[in-house]
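Below is one structure, written out as structure tokens; comments come after it.
Each value in this text was obtained by applying a stated rule to the coordinates, not by laboratory testing. Treat the numbers as computed from the prediction; the structure is a model and nothing was measured. Methodologically, a virtual Cβ is constructed for each residue, glycine included, from the backbone with ideal geometry; neighbour enumeration extends over all protein chains shown.
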Amino acid sequence: MKNYRMIFAAIYIATLSGAANATTIATKSGYEFDKNMLGDPSALNWNIEQCSHYGLKPELLQKLAKLMNVSQANARHEFCRRILTAYAKGAIPYEDYVRFAQKHIMSAGIARALHLSGSRSANAQPLRH
């Protein structure tokens, strides 16, 4: 199997488990490169699988499950699948990606990527507590 770059790391780790100030956000060109890499189904599937193994605080896992209307047992995998698939398709603009990774704010673009209803950018709130 090819050794794919762990593309999900910037979105997933920075957004959900690390401090925003301690994480480097991808440049626009790096974001585009990663998006293109995820266009390969093997790379996408590999990254979804790797992403779904990262641990989350139970409170955050519960919140993600509720937001995405899935079971808590499936929340991590479903988050990874939705966010990385949207990233690969270009449904998450770079500006939304940066805002999500740096400030943990879910923009309308991220909410659409996660298939959340009733979410608007004007009312965006931090994802973690």
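Here the extension length gained between Glu32 and Met68 equals 10.3 nm, from 0.36 nm per residue of separation less the Cα-Cα distance. Note on His53 and Lys89: the extension gain reaches 10.7 nm, defined as 0.36 nm multiplied by sequence separation minus the Cα-Cα distance.
From least to most packed, judged by other beta carbons within 10 angstrom and beginning with the fewest, Thr27, Thr85 follow the order Thr27, Thr85. Can you compute the label reach from His115? Point 7 Å from Cα along the Cβ direction, backbone N cut-off under 19 Å, restricted to segment 77-96. Correct set: 77-92.
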